[in-house]
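Below is one structure, written out as structure tokens, with a few remarks after it.
Every number in this text was worked out from the coordinates using simple rules, so none of it is lab data. What you see is a predicted model, and the numbers here were worked out from it, not measured in a lab. As a convention, Cβ positions derive from the backbone with ideal geometry for all residues, glycine included, and neighbour counts pool all protein chains shown.
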Amino acid sequence: MKIAIGCDHAGFDLKKDILDLLHSLSVEHIDCGTDSAESVDYPDFGEKVSRHVSSGDAERGILICGTGLGMSMVANKFPKIRAALCSDMLTAKMSRLHTDANVLVLGARIIGKEMAKEIVKTWLNTPFEGDRHQRRISKIEALEEQLKTDESQRSQ
Ligand code: RB5
């Protein structure tokens, strides 16, 4: 599995820990930055990771900012992205089992480093349950298509 990972300045320290974890698990990854604690804008890095996942270039993504809120908002703008902000093991597990989240979002100012690492491990190792949950995800995808059609009709 190839993972695209990115953060803003608030998530920079935690990204280093998550990168170490990905290395130790031999998970292939693309580091989309940021590369220092200097202040940056989270949409720029949320976009980089989301483009990799939305295009299929990476199977999944991990985004980190201060609260996880801004990165979630950015990622969920992109087609085919289902980004989940997870702060505990249960949300990490359910984000995979029921909603097949392909982007994990972490709030570096909200959770500790050890919790973040456990969340990542759970999120990487939990499969999607499919079945009735696939039907619901198909409805999200149909809605995404419908909104695109609505938009293009409005602009004609
Ligand atoms: C940066 O100060 C902070 O606003 C950002 O990391 C994030 O928490 C936004 O949601």
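For a protection proxy built on the mean count of beta-carbon atoms within 10 angstrom, sort 93-101, 5-13 highest first, please.
With the highest mean Cβ count within 10 Å placed first, the list reads 5-13, 93-101.
Roughly how big is the chain's charge dipole about its Cα centre, with Cβ charges of +1 (Lys, Arg) and -1 (Asp, Glu), in debye to the nearest 20?
Charge dipole of the chain: 500 debye, to the nearest 20.
Using θ = phi - 60° and the Karplus form 6.51 cos²θ - 1.76 cosθ + 1.60, what ³J(HN,Hα) does each residue of the stretch 113-124 get, whole Hz, x for Gly and Pro?
In residue order, the calculated couplings are 4, 5, 4, 4, 5, 5, 4, 4, 4, 4, 5, 6 Hz.
With label points built 7 Å along Cα→Cβ from the Cα atoms of Gln153 and Leu19, find their separation and express it in nm.
For Gln153 paired with Leu19, the spin-label model returns 4.7 nm.
Using θ = phi - 60° and the Karplus form 6.51 cos²θ - 1.76 cosθ + 1.60, what ³J(HN,Hα) does each residue of the stretch 14-30 get, whole Hz, x for Gly and Pro?
In residue order, the calculated couplings are 5, 4, 4, 5, 5, 4, 4, 5, 4, 4, 5, 8, 6, 8, 5, 8, 10 Hz.
With θ taken as phi - 60° and the coefficients 6.51, -1.76 and 1.60, list the Karplus ³J(HN,Hα) couplings across the stretch 45-61 in order, rounded to whole Hz; mark glycine and proline as x.
Here the 3J(HN,Hα) series is 8, x, 5, 4, 5, 5, 5, 4, 6, 4, 7, x, 5, 10, 6, 9, x Hz.
Pairs of alpha-carbon atoms within less than 8 angstrom and 6+ residues apart define the contacts here; what relative contact order does the stretch 37-156 have, in percent?
The value is 23 percent.
Would you please classify the overall shape of the stretch 17-130 from the alpha carbon gyration tensor, given that a ≥ b ≥ c denote the square roots of the eigenvalues, rounded means a/c under 1.5, and beyond that prolate means a/b larger than b/c while oblate covers the rest?
rounded
Taking Cα centroids, how far is the stretch 131-145 from the stretch 1-44 in Å?
Their Cα centres are 30 Å away from one another.
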